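Please read the structure below before turning to the comments.
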Amino acid sequence: MQKEEFEVSKRLITEYGVSLSLLKELDEFLHSIQEFVQYLGTNQYYSDSVNKKIFLTTLDVDTLILRLQSLHLQAAQFQDVLFHGVLSKKKTSLDAAKIAAFKAEFDVVLTDVNALHKRALELTQDIRIDYSRKL
C-alpha cells in the first residue's frame, strides 16, 4: 500500500501543486497557536482589554481551525480520487476548478494563520505592559 500512497502524494504535489505535508505542518502550527492562546485564556488576572483580545484571538483561532479542517477534507477527497485511479490502474484527474479553489483558500488560510501568529505574539507584549502597570 505504501507504493500506492506514495504515487498519490507524488501526483498531488507534482501535477496539482497540493502539498499534504505543508497542510499538515500548517495544521500543527495552528494548533500550537491555539494551545498558547488557550493557556493565556486560563489566566483571568489580566485587564479587561487584554482578556477581550485573548477571547477574540481564541475565537479567530477556532474559526481558522474549522477552515483548515475543510481543506483537509478536500485534500482527502483529492487523494481518494487519485488513489482509486492507482488501484484500478486507470488514469484519473482532478477537477481544475476545485484544485484552484483549494489553492486559493489554502493561501488565504496561510496568510491568516501567519497574521494570527503575530497577534498571539503581540498578546505577550500586551500582558507585559498590563503587568507592569499593576506593579
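Of the helices (runs of 4 or more DSSP H) lying entirely inside segment 1-100, those containing at least 2 residues that are closer than 17 Å to Arg119 by Cα are 20-42, 48-88. With the structure loaded, tell me whether Leu23 is surrounded by 14 or more Cβ atoms within 10 Å (Cβ to Cβ), touching a His at 6+ places or on another chain (Cβ under 7 Å) and closer than 16 Å to Val8 by Cβ or whether it fails that test. So Leu23 fits the description; yes. Just the residues that are surrounded by fewer than 18 Cβ atoms within 10 Å (Cβ to Cβ) and within 18 Å of Thr111 (Cβ to Cβ), please, taken from segment 32-55. If the condition is that a residue be surrounded by fewer than 18 Cβ atoms within 10 Å (Cβ to Cβ) and within 18 Å of Thr111 (Cβ to Cβ), then Ser32 is the only one that fits. Exactly one residue out of Tyr39, Tyr16 is out of contact with any Ser or Thr (no Cβ under 8 Å at 6 or more places or on another chain) and free of Cβ contacts under 8 Å to residues at least 12 places away in the same chain, and it is Tyr39. When segment 80-99 is limited to residues that are small (Gly, Ala, Ser) and surrounded by 12 or more Cβ atoms within 10 Å (Cβ to Cβ), the one that is farthest from Leu59 (Cα to Cα) turns out to be Gly85. Figure legend. Inter-residue proximity from segment 108-133: first residues touching a residue at least 12 places away in the same chain (Cβ under 8 Å) and closer than 15 Å to Gly41 by Cα, second residues of a type in the set (Lys, Arg) and assigned to a helix (DSSP H, G or I), beta-carbon distance below 7 Å, spacing 6+ or different chains. Indicated pairs: Leu123/Lys53; Asp126/Lys53.
Of note, Lys103 does not satisfy the criterion of being of a type in the set (D, E, K, R) and modelled with pLDDT under 95.
The values are calculated or read from the model by the stated rules, or taken from the named source; none is laboratory data. All values reported here derive from a predicted model rather than from experimental measurement. Counting neighbours? That spans all protein chains shown, and the Cβs are built from the backbone with ideal geometry, glycine included.
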